[in-house]
Amino acid sequence: MPTPPVKSVEIYDTTLRDGSQLEGISLTVEDKLRIAEQLDLLGVHFIEGGWPGANPKDDEFFQRAKNELKLKQSEFVAFGSTRRVKGKVDQDQTLANLIGADTSIVCIVGKCWDYHVTEALQTSLEEGIAMVSDSVEYLVSHGKRVFFDAEHFFDGYKNNPEFSLRVLEAASIAGAERLILCDTNGGSLPQDVSDAVSSVAGHLDTGIGVHLHNDTGCGVANALAGVMAGAVQVQGTINGYGERTGNCDLVSIIANLSLKMGIETIPSQNLDLLTSVSHHIAELVNITLNPQQPYTGSSAFAHKAGLHVSAISKRPDAYEHVSPESIGNGTRFLVSEMAGRSTLELKAKEIGIDIDGKILGDVVEVLKKLEYEGYHFEVADASLELLMRGASGWSQDFFNLKKFSVDMNHVGS
């Protein structure tokens, strides 16, 4: 792998806005406050709170956040859009709400695909550029640090690269601190992202970010490709929540950048919080975490095959790509008909049972026979313990019978 052009990457979390657009998620204001606390605990650089003025819930959240959120590591961001077509910045309610949100940083979204400007906004390309430039300049003049989300950038860049670059150029000249290239439809592949980010980074001095959706299943890969091409910020969500198939998953992105690529993201001492934060936020959004969630899922370091367990019992790194403890997870050994002696030996030690080699072999055979008959010991540790204890000669008198009586009555009709 070539040396990445950046040594650190800003982690921008949009779980509270983009993530809440996932079908089935409906966050209360209290939920949003608790999620923000978890994100701050993890140490992401930026927490996007939502869109002030969009709905009563976001209005209450921003108001309560001022008084109740005591962020120690993260910075709070308000989200909005550019001025309206042919509108005036000083009369635009969205921009006024952004200023009134009282955050030092605002992120605004603007069209970066000529097709959307002419068809969705039904205006000229020059007006589309002016909407971005005017809005950024106005917010900067009010003391705001501005991140510009270039909506549909990758699609626009394919169709009309000159226009897309002019939009970014206008935002940069107007004072935007970050230019975020968005794969809004989620249809890009890693090479698309790499080529586009590299081109923009070579054209403009303003720091580049990426905002990827996961419609091709390449959200995380696209984010890593963007960083390798020069992006200094990644926008995403915890556990990949988001509309349709979701956003790029910040859990995997943080772990991959930090542990695999040697790029600083959150504080290194916080990496072992990834699993607990991932699970805690899953509880808050009321969606059971996918057991196969990379890095933080309950099955991420669960081993079932006897060959794997035998190797791990000697060398833990033989079948684990990173130390589970490095991200706050742990190794698990599953018992099934695929298990060998090593698996059961580890399980016996875990329970505190001393079983010699011959008995252990007998238990393996009984286990395989029972699983063939339909038993399922992978999720039944107590039954497995009874099986092993019984094989080792243990028995338990659960009660002593002292007396009993039988009273029978028959009532005739």
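Report the gain in length on full extension from residue 96 to residue 34: 0.36 nm times residue separation, minus Cα-Cα distance, nm rounded to one decimal.
Separation in residues times 0.36 nm, less the Cα-Cα distance, equals 19.6 nm.
Say R0 is 45 Å: what FRET efficiency, to the nearest 0.05, do residue 268 and residue 398 get from their beta-carbon distance? Please list the in-between numbers first.
Numbers: r = 52 Å, r/R0 = 1.16.
Working from the Cβ atoms, E equals 0.30.
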Gain in span if fully extended, residue 104 to residue 71, counting 0.36 nm per residue against the direct Cα distance: 10.5 nm
Centre separation in Å (Cα based) which lies between the stretch 66-105 and the stretch 114-133: 22 Å
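Quick one: dipole size for the chain, taken about the Cα centre, charges +1 on Lys/Arg Cβ and -1 on Asp/Glu Cβ, in debye to the nearest 20. Present the calculation step by step, with values, prior to reporting the outcome.
Working: 34 positive and 56 negative charges, 158 e Å.
That gives the chain a dipole magnitude of about 760 debye.
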Top of 376, 152, 303 by mean-square fluctuation, Gaussian network on the chain, Cα under 10 Å: 376
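Hey, what number do you get for the chain at 222 nm if only DSSP H runs of n ≥ 4 count, each worth -39500 (n - 2.57), divided across all residues, to the nearest 500? Mind showing how you got there, number by number?
Details: 14 runs with 162 residues, N = 413.
Counting only the DSSP helices, I get -12000 deg cm²/dmol.
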Positive-end extreme of charge dipole, the chain - chosen from 242, 167, 262 (charges on Cβ): 262
Per residue accessible area of the stretch 1-95, 1.4 Å probe, in Å²: 49 Å²
For the chain, with +1 on Lys and Arg beta carbons and -1 on Asp and Glu, the positive-most of 51, 61, 156 along the dipole: 61
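Expressed in nm², what is the orientationally averaged projection area of the convex hull enclosing the Cα positions of the stretch 11-131?
On the way: hull surface 33.1 nm².
Result: a mean projected hull area of 8.3 nm².
Please report the relative contact order for the chain, taking Cα pairs under 8 Å with a sequence separation of at least 6, and give it as a percent rounded to a whole number.
Numbers: 770 pairs, mean separation 57.7, N = 413.
Relative contact order of the chain: 14 percent.
Using the reciprocal of the averaged 1/r over all distinct C-alpha pairs, how large is the Kirkwood radius of the chain in Å? Before the final figure, lay out the partial values.
Working: mean 1/r = 0.0412 Å⁻¹.
Evaluated over the chain, this radius sits at 24.3 Å.
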Cα lying deepest toward the dipole's positive end in the chain, options 28, 344, 293, charges on Cβ: 344
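Once fully extended, how much extra length lies between residue 121 and residue 407, figured as 0.36 nm per residue of separation less the alpha-carbon to alpha-carbon distance? Write out the running numbers ahead of the final one.
Details: separation 286, 0.36 × 286 = 102.96 nm, distance 8.60 nm.
My answer for the length gained is 94.4 nm.
The values are calculated or read from the model by the stated rules, or taken from the named source; none is laboratory data. Keep in mind it's a predicted model, so treat the numbers as computed, not measured. Please note: Cβ atoms are built from the backbone with ideal geometry, for glycine as well, and neighbour counts cover all protein chains shown. Note: accessible area is taken over every heavy atom of the protein model, side chains too, but ligands, DNA and RNA are not part of it. Shrake-Rupley method; radii C 1.70, N 1.55, O 1.52, S 1.80 Å.
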